[in-house]
Amino acid sequence: MNARIIAFVTGLFVSSTLLAQTNKSLSTPKIEAQVEADLAKMSIAEKVGQTCQITLDVLLKKDDDGKLIEPVEIDPEKVQEAIVKYGVGSVLNVGWKTLSMEEWNGVMEGVHAPFQDKESKSPVLYGIDAIHGVNYTIGGTLFPQEIGLAATWNPGLAMQFGQATAYETRASGIHWNFSPVLDLGRQPLWSRNFETLGEDPFLVSEMGKAIVCGYQGDGGINSEHVAACMKHFVGYSNPSTGRDRTPAWIPEKYMQELYLPPFKAAVEEGALTVMINSGVVNGIPGHENYELLTETLKNEWGFEGFAVSDWEDFIMLHTVHRTAETLKDGIINAINAGVDMSMVPLAPQYQEYCKLMIEAVNEGSISQERLDDAVRRILRVKYIVGLYEKRMNQAKEYDDFGSEAMHQLALESALESITLLENDGVLPLKKEQKVLITGPTSNNLIYLNGAWTHTWQGDNPNFNTEGRLSVREAIETHVGKENVLFSQGAELYLDEGFEASKLSGRDDFLSKSAQSDVIILCLGEFPSTEKPGDIRSLNLDAAQLELAQMAYASGKPVVLVLLEGRPRIIREIVEDASGIVQAYLPGDFGGEALAQLLYGEENFSGKLPYTYHKYDGQIEFYDHARSVARHKANHFDAFDPQWEFGYGLSYTTFEYSNLTLDKTTIGEGDSVVVTVDVTNTGDREGKEVVQLYISDHFASMTPAVKSLKAFEKVVIGAKDKKSIKFVIAPEDLQFYGKDGKWISEPGTFSVRIETLSADFELK
Ligand code: BGC
């Protein structure tokens with residue numbers, strides 16, 4: 001969290017949010033001078049072109065039926081039209097499939113030809129959704145989706161993920177990654193929950209900053225880095241219907257305390273671009289929110305990069321959100337609100353966009369200053385990422401693309417993310433046990449990766465990375481085929497676009513379960529995202545629950561493995577399980593990681609980045625108000641999730657002791673140093689996430705029962721003890737008060753670490 005300057009006013013500590021924060025700046029005086037010189041030479045049409053982003057399909061060759069030809073090839077005539085005639089400044093995406101390195105080479109040569117031939121003044125900035133690794137380049141390394149990365153609670157690993165992904169993105173010739181998602185995961189029905197870093201603003205901020213730092217580098221962008229893109233500013237993740245791109249209602253207090261902080265932290269980290277929320281918050285479409293885009297993000301926080309719209313969103317202001325009577329009004333509203341680049345992204349819409357925008361500038365509905373500001377920001381980023389100096393594609397120079405070291409990092413990320421939720425002693429499994437692998441998500445890699453994998457929805461197994469293993473294949477490889485039985489059990493499919501499942505091969509399942517010693521039952525979700533991923537209920541569907549009951553009826557111990565991007569309700573099948581493992585969407589190496597964890601070669605250390613809800617009618621978060629925990633009978637134990645935020649077991653046990661504070665009374669601006677001892681009481685090494693929460697006992701606005709303020713993941717050897725130190729800064733005691741200011745109030749606070757707690761007084 002950024003340091004806020006505190007002033008003492010009549011018993012309250014008031015901080016000013018208007019003070020400019022100190023952001024890492026990646027620009028230089030030289031870059032600024034070059035940008036100004038370029039800007040001075042550009043016509044209105046050229047400037048407008050810079051604000052226009054089109055999708056690659058627009059530039060590709062098609063056959064007579066209008067289908068993209070394979071391998072994909074750039075159509076030079078279309079490039080002439082878009083990049084030379086209209087001066088389009090940015091291109092995104094991949095068409096409909098994952099491209100080979102050769103295809104990427106061809107694409108990059110094609111889109112950069114006009115700049116290299118001096119037919120256009122500014123190079124094209126190419127953007128891609130490499131959101132869990134370079135998912136659109138064949139052979140790219142695929143990591144866990146963000147929700148799994150968050151479950152590692154390991155910012156160091158998140159940074160390495162960022163570095164690796166940036167490296168492989170640059171190897172593909174691309175300078176801009178539409179990642180990370182910094183939306184808060186507080187609406188589990190939302191189809192993109194798996195793309196978030198979970199429910200807590202502090203965890204999201206810490207992990208998000210680390211990813212941005214990995215993408216952009218600690219000491220500036222070089223040929224192994226890309227520009228990050230914070231998504232999706234802001235409030236997109238909390239649609240009240242649960243369905244994608246539907247309205248959210250977010251009170252200012254929640255906006256300030258929960259939804260904005262991860263973006264603010266990433267801006268401080270120097271994040272170069274931001275993508276805007278496609279939805280509507282408090283009645284205002286994200287793309288028209290002047291207050292958030294211009295006042296908060298740009299003026300108050302000092303964001304120096306540019307804001308890109310989401311897919312077709314200028315158009316949607318007219319066609320969907322109905323706040324713009326015409327397409328032109330949509331453009332005017334969005335640009336004037338502070339969006340700098342429009343992902344138009346198709347033809348002939350892009351030609352229409354350029355025409356209307358030029359008109360709007362000429363007639364003064366968009367000022368020259370606003371246009372210049374947008375273009376200045378875009379050019380600045382193009383200079384920072386090195387588009388003017390470097391050869392556009394250096395694939396051959398990236399020896400580490402898809403290397404063993406990259407694979408090892410992806411495996412490690414999966415190992416640290418997967419979370420053990422229940423274990424009656426069945427785990428670790430023994431290699432000599434005959435195991436039955438079953439369930440709809442057990443036998444295909446698509447269930448480990450989810451959407452944004454090789455294709456948008458990630459549901460086409462034909463693109464699976466060669467050599468990477470499903471859960472079944474990984475366990476067969478690990479313990480030998482002779483120790484593994486397989487029965488599909490149930491299948492997931494789409495029924496009129498909605499996820500459904502059905503039992504499959506009941507007799508086969510019954511006979512194989514009878515022959516097995518233990519059952520690994522893989523349940524979960526069909527890969528999907530955005531609108532196609534809308535669901536109608538958080539409950540795991542009937543056939544999957546029935547399969548679990550069939551497994552229990554066999555009398556064999558059952559280990560549930562959940563391959564899902566959010567907490568699907570599984571209350572009815574929890575009690576009879578001998579073990580439950582939350583695998584999230586662990587990526588291409590998830591099968592191997594699961595095998596190593598289930599058989600005990602590796603130890604579990606993942607912790608839930610969200611509250612695992614028990615009832616679909618009771619969606620509550622760990623930092624609820626005390627009233628949420630109030631039972632009908634007036635006890636305070638009614639907060640009853642399946643598993644709590646931050647929860648996760650290990651093959652060893654940890655004991656916490658000696659929680660001490662260096663002061664029990666503090667004044668304005670003072671910090672508190674907290675120490676705690678953590679002992680590994682088991683007989684094998686383990687990693688533990690030490691989590692520090694603060695509870696404010698009384699405040700002028702109802703306080704949360706506790707809020708996460710610090711955490712650290714530590715490795716502790718068997719029987720070893722480690723002493724962990726945290727510093728609670730004054731701003732950790734603040735909240736967004738009634739009069740719209742960040743304040744802290746005198747009173748008692750508790751520091752809570754695991755089951756220990758200690759109090760201090762703020763005078
Ligand atoms: C998504 C964005 C994504 C963009 C480009 C949109 O539909 O909402 O997250 O970056 O498409 O693919």
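The values are calculated or read from the model by the stated rules, or taken from the named source; none is laboratory data. Just so we're clear, the structure is a prediction, and the values are computed from it rather than from any experiment. Here the Cβ positions follow ideal geometry from the backbone for every residue, glycine too, while neighbour counts run over all protein chains shown. Quick note on the areas: whole protein, heavy atoms, side chains included, nothing else; ligands and nucleic acids left out. Shrake-Rupley method; radii C 1.70, N 1.55, O 1.52, S 1.80 Å.
Data table
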item	result
Efficiency of FRET between Ala699 and Glu575 - r from beta-carbon atoms, R0 41 angstrom, step 0.05	0.60
Relative packing of peptides 341-347, 479-485 - highest average C-beta neighbours within 10 Å first	341-347, 479-485
Only Lys, Arg (+1) and Asp, Glu (-1) charged, at Cβ; the stretch 213-368 dipole about Cα centre in debye	360
Charge-dipole axis of the chain as Lys and Arg at +1 and Asp and Glu at -1 on Cβ define it, positive-most pick from Gly106, Gly214, Pro641	Pro641
Using θ = phi - 60° and Karplus 6.51 cos²θ - 1.76 cosθ + 1.60, couplings along the stretch 250-261 (whole Hz; Gly, Pro as x)	10, x, 3, 4, 5, 4, 6, 8, 10, 8, 7, x
Integer Hz, Karplus 6.51/-1.76/1.60 couplings in order for the stretch 347-355, x for Gly and Pro	10, x, 4, 5, 5, 5, 4, 4, 4
Backbone N under 18 Å from the Thr241 label point (7 Å along Cα→Cβ), restricted to the stretch 168-200	187-193
Cα lying deepest toward the dipole's positive end in the chain, options Tyr599, Tyr612, Phe314, charges on Cβ	Tyr612
Extension gain from Lys481 to Leu494, taking 0.36 nm per residue of separation minus the Cα-Cα distance	1.6 nm
Extended-chain gain in nm, criterion 0.36 nm per residue less alpha-carbon gap, Ala45 and Thr326	99.1 nm
Mean Cβ count within 10 Å, highest first, over the residues of peptides 754-763, 99-108	99-108, 754-763
Rounded to 5, percent antiparallel among DSSP beta bridges of the stretch 23-169	25
Evaluated at q = 0.12, 0.17, 0.18, 0.22 Å⁻¹: base-10 log I(q)/I(0), Debye formula over Cα of the stretch 656-733	-0.42, -0.74, -0.81, -1.04
Interchain or long-range residues, amide H under 5 Å from Leu485's placed H	Val435, Leu436, Ile437
Hypothetical label at Glu389: residues of the stretch 206-243 whose amide nitrogen lies under 13 Å (7 Å Cα-Cβ projection)	220-225
For the stretch 312-450, size of Cβ-based charge dipole, Lys and Arg +1, Asp and Glu -1, in debye	240
Gln433-Glu102 pseudo-label distance in nm [points 7 Å out on the Cα-to-Cβ vector]	4.8
The stretch 564-637: chymotrypsin sites (Phe, Trp or Tyr not before Pro) in DSSP loop, at most 13 other beta carbons within 10 Å	Phe636
The chain pair-distance distribution - Cα-Cα, 20 Å bins, rounded %	17, 49, 30, 4
Student exercise, the chain dipole from Lys, Arg, Asp, Glu Cβ charges, in Debye to nearest 20	900
Residue-level accessible surface for Glu404, protein heavy atoms, 1.4 Å, Å²	130
Phi-based couplings in Hz for the stretch 85-94 (Karplus 6.51, -1.76, 1.60; Gly and Pro marked x)	5, 8, x, 4, x, 8, 10, 9, 6, 9
Förster-model FRET efficiency, 25 Å R0, Glu36 and Glu295, C-beta, rounded to 0.05	0.50
Mean Cβ count within 10 Å, highest first, over the residues of peptides 163-175, 637-649	163-175, 637-649
Over the stretch 418-598, equivalent-ellipsoid semi-axes from the Cα gyration tensor in Å	24, 19, 15
Subset of Lys231/Lys264; Lys97/Lys502; Lys607/Lys709; Lys253/Lys706 violating a 23 Å alpha-carbon distance limit	Lys97/Lys502
Residues Ala625 and Asp218, FRET efficiency given R0 of 41 Å [Cβ-Cβ distance, rounded to 0.05]	0.55
Segment Ser25-Gln368, extension gain: residue separation times 0.36 nm, minus the distance between their alpha carbons	120.9 nm
Charge dipole (the stretch 652-762, unit charges on Cβ, about Cα centre) - positive-most of Ser744, Ser757, Val672	Ser757
Sites matching trypsin sites (Lys or Arg not before Pro) across the stretch 573-655 that sit in DSSP coil, with at most 13 neighbouring C-beta atoms within 10 Å	Lys632
